[in-house]
Structures are given as structure tokens and as C-alpha cells.
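Since the structure comes first, as C-alpha cells, the remarks are kept for the end.
The values are calculated or read from the model by the stated rules, or taken from the named source; none is laboratory data. Remember, predicted model here, so these are calculated numbers, not experimental data. In this analysis, Cβ positions are derived from the backbone assuming ideal geometry, glycine residues included, and neighbour counts consider all displayed protein chains. Side chains are part of the model used for accessible areas, which takes the heavy atoms of the whole protein and leaves out ligands, DNA and RNA. Shrake-Rupley method; radii C 1.70, N 1.55, O 1.52, S 1.80 Å.
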Amino acid sequence: MSQDSAPLVVVMGVSGSGKTTVGRLLAQSLGVPYAEGDDFHPEANVAKMRAGHPLDDKDRRPWLEEIARWLTGHADSGGVVTCSALKRRYRDRLASAAPRVFFLHLDGSPELIAARLTARRGHFMPPDLLRTQYADLEPLGEDEAGAAVPIDGTPEETATLAHTAVTSP
């Protein structure tokens, strides 16, 4: 990230990786707006996931378009938005929305994530769908602007690693 521009970050990863918690902490430390990617889902998507059915590309299209619009609207001011962004083509769509989008992949083992999902209450994403998310996950390519950050520590430790990844040249 350039020192003279506010970062525009997509915090990505499977459900339960800490996108919301780390995204909020990161936005606060960077002094930029934060947006929760789950809020961009149409109600039909939420209902489908709540029923235990994975989303397909057709379901994700309007969701990704809304997140892309948010990125475009924050291209100058910067911001942090969460989005699973599991597939390269999803990230390509988001990256095309604004210059200098940085993808921050919150990376953890399936066992760690499963334990987190099992303990989580009040979220529409059932733990049973984790397997499908890992099946869809395509790691960041060397040509993508971004970094993977391990999530083994506390949310604050992960947010510190994320801040360093985003602000390092």
C-alpha cells in the first residue's frame, strides 16, 4: 500500500475465520470506514444458507456486485469490507471495482475454524457448510495484491498482523 493513499481492503476467508472481528479492528486502526459483507446478501441468500444449502455463483453475483459498488464508492477515501472472496474470479470482480484493492486472507486450519463455528451463536451460516467453503477456497495468486495472515492468535494479534500486511510496502 502506498503511504499517501488510504487503504482499500477486502478481508477474506471462510466463515468463522474472524473477518468481522478483524475487519472492524483493522478499519479502526487504519481510520477508515468499515462494511460488513454479510449485510450485502439478499434475503434469499441468507435463507438458503440458514437452511444449510451452499450458495452457487448465481446466488453470489448480486452480493458481489453490491460489495464492488461499495469498493468503488470508497476508492478515494479507503475502507475495509469483509467478503469470503473464496474464488479467484470473485476477487477479480472486486479488484476491477477500484484501483489498489488489497485482499487480506485470514488463514486458519479447518479444525480451528470448525471449533469457532461450533461455538458461535446467532449467525446464519451453519458449521456444516464449512466443508463446501474449503472446497471452493482458491489461495491468493502471486499476481494478486494481498497477503495471508494466520489466525492462531487473539483477534488483536491477528489485527496487528493484518495492519502490518496492509501498510507494509
Quiz item: For V11, which sequence-distant residues (separation of 5 or more, or a different chain) have an amide H within less than 5 Å of its own amide H, given hydrogens modelled in the peptide plane?
Solution: V81, T82, C83, L104
Quiz item: Using 1/(1 + (r/R0)^6) with R0 = 30 angstrom and r between the beta carbons of D143 and T20, what's the FRET efficiency to the nearest 0.05?
Solution: 0.60
Exercise. Leaving out ligands and nucleic acids, note down the accessible area per residue over the chain with a 1.4 angstrom probe, in whole Å².
Key: 49 Å²
Exercise. Run the accessible area of the chain with a 1.4 Å probe and give the carbon-and-sulfur part as a rounded percent.
Key: 53 percent
Practice problem: Can you tell me the 0 to 90 degree angle between the C-alpha axis of helix 57-73 and the longest principal axis of the chain, rounded to 10? | Solution: 20 degrees
Exercise. With a point put 7 Å past each Cα toward its Cβ, work out how far E65 is from S96 in nm, to one decimal.
Key: 1.3 nm
Quiz prompt | Stretchable slack from E36 to S5, in nm (0.36 nm times residue separation minus alpha-carbon distance) | solution = 9.0 nm
Self-check item: Tilt relative to the chain, helix 155-167 - C-alpha long axis, 0 to 90 degrees, to 10
Solution: 40 degrees
Quiz item: Alpha carbon centre of the range 65-121 versus the range 132-169: separation in Å?
Solution: 10 Å
Quiz item: Over the Cα atoms of the chain, what Rg and Dmax result, in angstrom?
Solution: 14.9, 45
Self-check item: Inter-probe distance in nm under a simple model that places probes 7 Å from Cα toward Cβ, at R50 and Y134
Solution: 2.7 nm
